[in-house]
Amino acid sequence: MPEGDTVHKLAAELRRRLLGAILEDVRLRRLQGGSLRGARVTDVSARGKHLFLDTDVGLSLRSHLGMYGSWHSYRPGEPWSKPQRQADILLVTDRGLFVCFNAREAEILSSGGFRHRDARHRLGPDLIAGHPKLEGIAARARALLEPDALLVDVLLDQRVACGIGNVYKSEVLFLEARSPYARLGETSDKVLTGLYRRAAGLVRRTLGGGPRVTRPVADGRSTLWVYRRRGLPCLRCGAKVEGADLGGIPRSTYWCPGCQPAEPSGMSS
Ligand SMILES: [Zn+2]
């Protein structure tokens with residue numbers, strides 16, 4: 001699944017390639033793309049996992065890659081690496097072809113219009129941005145979610161904050177020694193903010209490129225603490241790492257029962 005850092009890297013690459021390009025043709029699988037024909041690209045940016053391509057005709061193209069989406073670029077006539085039927089967005093430009101395969105969402109928005117603003121507004125602060133406002137995140141989580149929401153769901157909720165994907169979810173909980181069974185209502189603002197501060201540090205470190213590393217220890221064992229290490233010894237305490245599908249929409253989750261004990265009751269501090 002593309003995490004926030006991946007989409008930011010992609011946006012940076014597409015911006016480098018497409019800024020100022022003329023969209024000679026735009027074809028969308030499920031929509032009419034003709035209104036963008038002839039437009040010039042004025043910006044490409046990421047907000048959380050959403051990619052926005054802005055143009056000089058007052059229209060923007062928003063795409064969300066979901067679990068399986070990817071962008072590819074080709075020279076005219078070059079064979080594609082995936083079948084044409086999987087192409088959701090095709091941009092024919094004076095700088096070659098740009099194809100988005102298997103997007104979860106694609107839509108054309110009026111750049112200044114309500115839906116565009118709404119699409120950005122309904123997302124939480126972006127953890128990859130220069131100075132994300134971490135102070136308001138705990139209040140935002142409590143306003144959006146019920147007290148019995150599991151932290152695994154809170155961390156993945158892009159309305160609370162953008163940028164945490166399923167890998168970092170498990171890693172952040174490990175690094176902050178929080179049980180994946182902990183609930184929002186039993187977690188203090190201080191602990192919540194600490195989780196997001198940790199996540200921001202992780203996603204921004206990966207922004208420069210290279211693999212995701214949450215365990216920068218050069219012993220050749222693992223660059224992640226718990227993710228996909230079910231049944232293996234914890235790299236910190238030796239207990240057996242557990243794994244299960246947890247959450248309202250169950251997603252694979254990994255944790256160490258030794259390092260991340262469940263809070264018996266009351267507010268954690
Ligand atoms: Zn452990």
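The values are calculated or read from the model by the stated rules, or taken from the named source; none is laboratory data. Keep in mind the model is a prediction, meaning the values are calculated, not measured. Note that we place each Cβ from the backbone using ideal geometry, even for glycine, and neighbour counts take in every protein chain shown. Each accessible area value is taken on the protein alone, full model and side chains, heavy atoms only, with ligands, DNA and RNA left out. Shrake-Rupley method; radii C 1.70, N 1.55, O 1.52, S 1.80 Å.
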(message) With every protein chain left in place and a probe of 1.4 Å, what is the accessible surface of ASP157, to the nearest 10 Å²?
(response) 30 Å²
(request) Could you count how many Lys pairs in the chain have their Cα atoms under 27 Å apart, skipping same-chain pairs fewer than 8 positions apart? (result) 12
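Antiparallel as a % of all DSSP beta bridges within the chain, to the nearest 5?
Once the DSSP bridges in the chain are tallied, antiparallel ones form about 95 percent.
Using only the Cα atoms of region 218-264, build the gyration tensor, take square roots of its eigenvalues as a ≥ b ≥ c, and label the shape rounded, prolate or oblate: rounded if a/c is under 1.5, else prolate if a/b is larger than b/c, else oblate.
On the way: a/c = 2.54, a/b = 1.43, b/c = 1.78.
Verdict is oblate for region 218-264.
On average, how much area does the Cα convex hull of region 32-78 cover when viewed from any direction, in nm²?
On the way: hull surface 18.0 nm².
Its Cα hull, projected and averaged over all orientations, spans 4.5 nm².
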(message) Need one value: the accessible area of SER63 in square angstrom, 1.4 angstrom probe, rounded to the nearest 10.
(response) 0 Å²
(request) Give, as a single signed number, the net charge of other residues whose beta carbon lies under 14 Å from the beta carbon of LEU23, with Lys and Arg counted +1 and Asp and Glu -1. (result) -1
(request) Calculate the all-directions average of the projected area of region 175-254's alpha-carbon convex hull, and give it in nm². (result) 6.4 nm²
(request) Enumerate the calculated ³J(HN,Hα) couplings along region 140-153 in order (Karplus 6.51 cos²θ - 1.76 cosθ + 1.60, θ = phi - 60°), each rounded to whole Hz, writing x wherever the residue is Gly or Pro. (result) 5, 4, 6, 6, 8, 10, 6, x, 8, 5, 6, 4, 4, 7
(message) Show me, for region 244-260, the HN-Hα J-couplings you get by feeding each phi into the Karplus relation (A = 6.51, B = -1.76, C = 1.60, θ = phi - 60°), rounded to Hz, glycine and proline as x.
(response) 6, 7, 10, x, x, 10, x, 10, 4, 9, 10, 7, 9, x, x, 7, 10
(message) Using a 1.4 angstrom probe on the protein heavy atoms only, could you order LYS169, LYS82 from most to least accessible area?
(response) LYS82, LYS169
(message) Given Cα positions, please report Rg to Rh for the chain, the hydrodynamic radius being the Kirkwood one.
(response) 1.02
(request) Return the carbon/sulfur percentage of the accessible area of region 4-109, one whole number, probe 1.4 Å, all protein chains in place. (result) 49 percent
